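Below: one structure, written as structure tokens.
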């Protein structure tokens, strides 16, 4: 399959960790991906053989000879092959350091940090600070935000296309006439035929959102009500009060309102999906509302020493800014103080 290339897999650090068995998370993740793409199985297996061959040769403190290399290596130009070896050696070194770091974390559990395939289900998860992008066997592309999980049946795409989301993910749905794609969340379901949309449904947040970029989706609420969204609109579900508000362009009634999604042009500039480009978007949100988002983004635990601080509201955009620089920038709006001890962040007046 075009989406998986042997030459790309053999220098992918995540795939190398799977091949060498150095990280249970990556092993489970790639086993799930391989099971989702049976047509690409020969590609995965050949790439795995190459990784193992390189690893064996490097352990012997020697580069593999032409006679030792699998047949596919003989088709790779020597200059490119040497590049693979150099990259592979770097990745193996970094992988070793990461494994040592992870083993020294005293077993600290992060939200859903395992991908596994059990009981007829495939579960793909991301930890705090971690994002993943993968392609289902129907061609649908999914990008998962931090602290999220997606569950689907092993026979996905046979009789239906249903996935279960806890967290946030962006979906680029492959069109399959007669076989709709449905994203189930703890609060509602999103049914589509072919479109691009973002769903945020973290259980501990105060609200859930579905943001439609292109196409058309139908929202199936738990009380059997149905809502249809048009492009550049979003549905906001108030988790606390179980009220649903549709934002777009016109006021419908006291429960549903319609406004545009926050955008400055192309899909890449939507505030709602800025996370897919590494942007932390804050849009008139209080510290109390931001708590969960920041904890997932930076993999920390935030405590407020003064409840009044939780009402401080901010609007800002950060791109790959470390935690302390982000907090320093927010202090330009309110004169709060903070302390950071490991993963514990305490904020006070």
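The values are calculated or read from the model by the stated rules, or taken from the named source; none is laboratory data. Remember, it's a predicted structure, so these values are computed and weren't measured experimentally. Neighbour counts run over all protein chains shown; Cβ positions are idealised from the backbone, glycine included.
Within region 158-170, can one find any residue that is in contact with a helix residue (DSSP H, G or I) (Cβ under 9 Å, 6 or more places away or on another chain) and assigned to a loop (DSSP other than H, G, I, E, B)? Explain how you work it out, then say what you get.
Step one: list which residues in region 158-170 are in contact with a helix residue (DSSP H, G or I) (Cβ under 9 Å, 6 or more places away or on another chain), which gives 167-168, 170.
Checking which are assigned to a loop (DSSP other than H, G, I, E, B) leaves us with none.
No, the conditions are met nowhere in region 158-170.
Is it the case, given these coordinates, that residue 176 is in contact with a strand residue (DSSP E or B) (Cβ under 9 Å, 6 or more places away or on another chain), in the same structural domain as residue 135 (by TED's automatic domain parsing), assigned to a strand (DSSP E or B) and more than 15 Å from residue 151 (Cβ to Cβ)? Steps first, please.
Numbers: in contact with a strand residue (DSSP E or B) (Cβ under 9 Å, 6 or more places away or on another chain): yes; in the same structural domain as residue 135 (by TED's automatic domain parsing): yes; assigned to a strand (DSSP E or B): no; more than 15 Å from residue 151 (Cβ to Cβ): yes.
No; evaluated as a whole, the condition is false for this residue.
For region 298-308, the set of residues classified as touching a strand residue (DSSP E or B) at 6+ places or on another chain (Cβ under 6 Å) and surrounded by 15 or more Cβ atoms within 10 Å (Cβ to Cβ) consists of 300, 302, 304, listed by residue number.
Take region 204-231 and flag every residue that is under 20 Å from residue 143 (Cβ atoms) and loosely packed, with under 15 Cβ neighbours inside 10 Å.
To start, the set of residues in region 204-231 that are under 20 Å from residue 143 (Cβ atoms) comprises 205, 208-215, 217, 229, 231.
Matches in region 204-231: 214 only.
Residue 13 - would you say it is in contact with a helix residue (DSSP H, G or I) (Cβ under 9 Å, 6 or more places away or on another chain) and either without any contact (Cβ under 8 Å) to a residue 24 or more places away in the chain or surrounded by fewer than 18 Cβ atoms within 10 Å (Cβ to Cβ) (or both)?
Working: in contact with a helix residue (DSSP H, G or I) (Cβ under 9 Å, 6 or more places away or on another chain): yes; either without any contact (Cβ under 8 Å) to a residue 24 or more places away in the chain or surrounded by fewer than 18 Cβ atoms within 10 Å (Cβ to Cβ) (or both): yes.
For residue 13, the condition - in contact with a helix residue (DSSP H, G or I) (Cβ under 9 Å, 6 or more places away or on another chain) and either without any contact (Cβ under 8 Å) to a residue 24 or more places away in the chain or surrounded by fewer than 18 Cβ atoms within 10 Å (Cβ to Cβ) (or both) - is met.
Just one of the listed residues (31, 26) is under 18 Å from the mean Cα position of the chain (by Cα) and without any contact (Cβ under 8 Å) to a residue 60 or more places away in the chain, and it is 26. Selection of helices (runs of 4 or more DSSP H) fully inside region 1-49 by the criterion of at least 3 residues being touching a strand residue (DSSP E or B) at 6+ places or on another chain (Cβ under 9 Å) returns 24-36.
When you look at residue 217, is it touching a strand residue (DSSP E or B) at 6+ places or on another chain (Cβ under 6 Å) and in contact (Cβ under 8 Å) with a residue 24 or more places away in the chain, yes or no?
Numbers: touching a strand residue (DSSP E or B) at 6+ places or on another chain (Cβ under 6 Å): yes; in contact (Cβ under 8 Å) with a residue 24 or more places away in the chain: yes.
Here the answer is yes, as residue 217 does meet what is asked.
One residue stands out among those in region 139-151 that are surrounded by fewer than 22 Cβ atoms within 10 Å (Cβ to Cβ) and free of Cβ contacts under 8 Å to residues at least 40 places away in the same chain: the one that is nearest to residue 180 (Cα to Cα), which is 139. Of all residues in region 270-299, those that are within 21 Å of residue 214 (Cβ to Cβ) have Cβ atoms under 8 Å from Cβ atoms of residues that are in a helix (DSSP H, G or I), 6 or more apart or on another chain, in 273/267; 277/268; 281/271; 281/272; 281/274; 281/275.
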